[in-house]
Amino acid sequence: MAGPALAHRTQPGRVRRARPRHALSTPGRPRELAPGADPVAAYEHLLDLALNQRFYDPASTAVELSGGLDSANVAASLGAAHPGQITAAAMIIVGPAGVQQQDRRRQMIDLFRLGPDVTTSMTDNLPLRPGGRRASRALITPYDELYDEGKTTLLGLLRSRGVRTVATGTGGDEMMALTAAELSRAPLGTDPLDLPWTGPHSRELRGGFDTGTAPASIFNEVTLLAAACVAPPILRAGMWPIHPLADPALIRFGGWLPYSWRHLKRLHVARLERVGCGPYLVDPPLRENFEPVMDEALHRHGAAFLRAMLDRGSPLIDDGYLNPDELAAAATRIADGTPAPGDNSVCNVIALEAALSSFGHAESPTPVPA
């Protein structure tokens, strides 16, 4: 992310490079609520304003309704504004949690007065499955969705139904983020895992990954990274992504809220409760996330990918970024169904290796028809 953002030609043959100034911190400090203040009503109002500032046709708009708190709030606002017109969309995870996810989503769709429901099963679209972009060495970057196979299938279904705009819940986590002083422990990811397959070059570089970064923006860095991951497959499918929870006014509002309203996303929960969501919808008994999806994908396809990588060689190994012996041991554990703690992080190794391999083998992407 280092490097100039602007180049000015001052005279023939001379170019002056400059980077923008750091943006002022938008969220500011948490504040006390005024007597009688209603944060939920303010949240609804700001979310409506954020949606109204974006161009979309309700009849050709979908919302990513995963079942989580962030996307559910966006879906509730869209459904209230355009009853029966907004398409709901989701990738359905594996196992009992996936059954629960489907049930909760059906209830939300009815409650929010959404329109058609379009889903894809991750059981049939596991990461690294044969025919997927990573397994086939098609053009891909390390920042593409880890669940690209399921997302690409889902977006294809949406496009076939005439969807042209996709609303997401991106930014909802950061809107409710706690300050460093409020955290009881360091944020997840602050201290990189000491993974056994990292090579000497990776360990040398670990302390300097945050140097030379671009100037701070008004958006949280995590929000920008999330948008950079979410947006490309939507754009490739010929649709436009919108992220209303990443609106600057909502970011500022979230940052001003007292701790009690941000802790455990209390604001998101309270808003959903106000529109009729009960405990089952806001706090389900089973945890719904993609960890089991990735575990199954690594077991069925990832170990073979790692072994093929070790057999043919990789610049990540040659240049000292990875330890081949430890990587082979991890592949064996994953294939045997006995992964060690942290072994699922090898998916990031696979994502990077797939990207490097794709650069020399992929054909130019086929343009999406207008």
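In the stretch 321-359, how many residues are assigned to a loop (DSSP other than H, G, I, E, B) and of a type in the set (S, T, N, Q)? It would help to see each step written out before you state the result.
Within the stretch 321-359, the subset assigned to a loop (DSSP other than H, G, I, E, B) is 321, 323, 337-342.
Now drop any that are not of a type in the set (S, T, N, Q), which leaves 323, 338.
Count: 2.
Within the stretch 265-306, the residues that satisfy the criterion of being open to solvent by less than 60 Å² (accessible area, probe 1.4 Å), in a loop (DSSP other than H, G, I, E, B) and under 15 Å from Gly98 (Cα atoms) are Pro284, Glu288, Asn289, Phe290.
Taken together, the criteria exclude Ile218 from residues that are touching a residue at least 40 places away in the same chain (Cβ under 8 Å) and in a helix (DSSP H, G or I).
From the residues in the stretch 70-120 that are of a type in the set (S, T, N, Q) and within 25 Å of Ala50 (Cα to Cα), which one is most open to solvent (accessible area, probe 1.4 Å)?
Quick first cut of the stretch 70-120, residues of a type in the set (S, T, N, Q) only: 71, 73, 77, 85, 87, 100-102, 107, 119-120.
The next check asks that each one be within 25 Å of Ala50 (Cα to Cα); those that pass are 71, 73, 77, 85, 87.
On the way: Ser71: 8, Asn73: 0, Ser77: 3, Gln85: 81, Thr87: 9 Å².
Per the criteria, the residue is Gln85.
Take the conditions (1) crowded, with 18+ Cβ neighbours inside 10 Å; (2) touching a Lys or Arg at 6+ places or on another chain (Cβ under 7 Å); Ala330 misses just one of them, which is (2).
The values are calculated or read from the model by the stated rules, or taken from the named source; none is laboratory data. From a predicted model like this one, the values you see are computed outputs, not experimental measurements. Cβ: placed from backbone, ideal geometry, glycine included. Neighbour counts: every protein chain shown. For the accessible areas, the whole protein counts, side chains as well, though only heavy atoms, and no ligand, DNA or RNA atoms are used. Shrake-Rupley method; radii C 1.70, N 1.55, O 1.52, S 1.80 Å.
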